[in-house]
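Every number in this text was worked out from the coordinates using simple rules, so none of it is lab data. Please read these numbers as outputs of a predicted model, since none were measured by experiment. Cβ: placed from backbone, ideal geometry, glycine included. Neighbour counts: every protein chain shown.
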């Protein structure tokens, strides 16, 4: 099972059950497939998705009233995410990706919309979904979205282009963020649920990426896409607020995912250092290696505890933009540091694709970029300091 973090949490029986389920699935199903999935490059492991769905791992975060597991507290979601991503962060993120779609539907949608769009996610054969925010000219500046939504009777007509959209080649539904008035910036941003088969919606070829290849990304093109007004989530101009609330949770979950990845790197490097011999002794007995492992362990615990704190505050109803930014910033940068340290500990073997640490280092880099770069997280944190 590897090293676990002693954080003093008192988990309920249900929480233990979900965490143990995730841990077992990660060890028995995810980790053995991770290398092959990485080498496949632009193919999501849909068979693993189906296995996870039958166990409820793709829908544990969906409310029970829609057929999901009912794990609506973020703390439990964090613990499950960490275990799945200890197996492999790309596959782990794929398995929980419908939670990113469900969040704006829950935050902004009516009861009827929630029933219509979330019910299919709670089945044994759930569809894959996607959220489309990023554009070729707008990444970190989500208020500057240029995809335009024009009202036309009982419909909206969407025109624009999205890029780096996770699950785009497979998604059956998209939450697309567009603007009804670019001059209003954030106050014009509006969210729509758009089925894949809507005329005018086209998905480009998959991107070839450095890492996390279990999730396939592509561009989405919108050419006079007519969307019924009943598919608008919330009122016009409410999309940005719903998106930021979604990011508050998803950035905490990134903190959890990166902690799982960093813990995997620590476990592997620690085991290797105990068996690899140089100068007549295991290399863990050399202070340079031992101190590197000590720093790795400290960074894993730091990221974990920041993430747990942020999740607990979120569950208690606090505004957590600053805390979620801290969790993502520290988690992603510590994962990058720890995976690099694991490669260094293995030396030449760390550079070989025979071992997982080089893949983990490639996987880690994405998390310093997606859903707001490290620079953006520091900006959010600094603004929070100014508001106090």
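Could you grab the relative contact order for the chain? Cα pairs under 8 Å, six or more apart, rounded to a whole percent. Walk me through the numbers before you get to the answer.
Details: 760 pairs, mean separation 64.0, N = 388.
Taking the mean separation of contacting Cα pairs over the length of the chain, I get 16 percent.
Show me the ranking of peptides 97-103, 267-273, 241-247 by mean Cβ neighbours inside 10 Å, starting with the highest.
Details: 97-103: 24.4, 267-273: 19.3, 241-247: 21.0.
Most protected by this proxy first, the peptides run 97-103, 241-247, 267-273.
Which log10 I(q)/I(0) values, to two decimals, does region 13-122 give at q = 0.12, 0.13, 0.14 Å⁻¹ under the Debye formula with one point per Cα?
-0.40, -0.47, -0.54
For helix 74-87, report the angle its Cα long axis makes with the longest principal axis of the Cα atoms of the chain; keep it between 0 and 90° and round to the nearest 10°.
Once rounded, the angle reads 60 degrees.
Taking 0.36 nm per intervening residue step and subtracting the Cα-Cα distance, what contour gain separates residue 125 from residue 141 on full extension?
On the way: separation 16, 0.36 × 16 = 5.76 nm, distance 3.54 nm.
Working it through step by step, the gained length comes to 2.2 nm.
If packing is taken as the mean number of other Cβ atoms within 10 Å per residue, what is the order of 128-137, 168-177, 49-58, highest first?
Details: 128-137: 22.2, 168-177: 23.9, 49-58: 19.4.
Result, highest mean first: 168-177, 128-137, 49-58.
With an 8 Å cut-off on Cα pairs and a minimum separation of 6 or more residues, tell me the relative contact order of region 279-388 in percent.
On the way: 85 pairs, mean separation 28.2, N = 110.
Relative contact order here is 26 percent.
Sort 325-331, 349-355 for me by packing, meaning the mean count of neighbouring Cβ atoms within 10 Å per residue, highest on top. Present the calculation step by step, with values, prior to reporting the outcome.
Details: 325-331: 28.6, 349-355: 13.9.
Averaged packing, sorted descending, gives the order 325-331, 349-355.
Using the beta-carbon distance between residue 159 and residue 285 and R0 = 45 Å, what value does 1/(1 + (r/R0)^6) give for FRET efficiency, to the nearest 0.05? Present the calculation step by step, with values, prior to reporting the outcome.
Details: r = 64 Å, r/R0 = 1.42.
After rounding, the FRET efficiency stands at 0.10.
If you fit an axis through the alpha-carbon atoms of helix 31-40 and take the longest principal axis of the Cα set of the chain, what angle between them do you get, 0 to 90°, nearest 10?
In the chain, helix 31-40 runs at an angle near 60 degrees to the longest axis.
Starting from the Cα-Cα distance between residue 302 and residue 241, subtract it from 0.36 nm times their residue separation and give me the gain in nm to one decimal.
Numbers: separation 61, 0.36 × 61 = 21.96 nm, distance 2.94 nm.
19.0 nm is the gain from fully extending residue 302 to residue 241.
Report the Cα-based extents of the chain along its three principal axes, largest first, to the nearest Å.
Dimensions of the chain along the principal axes of its Cα atoms: 79, 48, 42 Å.
Checking the a/c ratio against 1.5 first, then a/b against b/c, what shape does the Cα gyration tensor give for region 96-155? Could you put the intermediate results ahead of the total?
Details: a/c = 2.44, a/b = 1.43, b/c = 1.71.
Oblate is the answer for region 96-155, as a/c is 1.5 or above yet b/c matches or exceeds a/b.
Rounded to a whole number, what is D in µm²/s for region 129-237 from Stokes-Einstein with the Kirkwood radius over alpha-carbon pairs (37 °C, 0.692 mPa s)? Please list the in-between numbers first.
Working: Rh = 13.8 Å.
Stokes-Einstein gives a translational diffusion coefficient of 237 µm²/s.
For residue 210 and residue 224, compute 0.36 nm times the residue count separating them, minus their Cα-Cα distance, and round to one decimal in nm.
Details: separation 14, 0.36 × 14 = 5.04 nm, distance 3.33 nm.
That pair, residue 210 and residue 224, stretches by 1.7 nm at full extension.
Just report the Cα centroid separation between region 292-343 and region 184-261, whole Å.
The distance from the Cα centre of region 292-343 to that of region 184-261 comes to 25 Å.
Between residue 349 and residue 28, how high is the FRET efficiency from 1/(1 + (r/R0)^6) when r is the Cβ-Cβ distance and R₀ = 22 Å? Nearest 0.05. Could the numbers behind the result be given before it?
Numbers: r = 25 Å, r/R0 = 1.14.
The formula returns an efficiency of 0.30 here.
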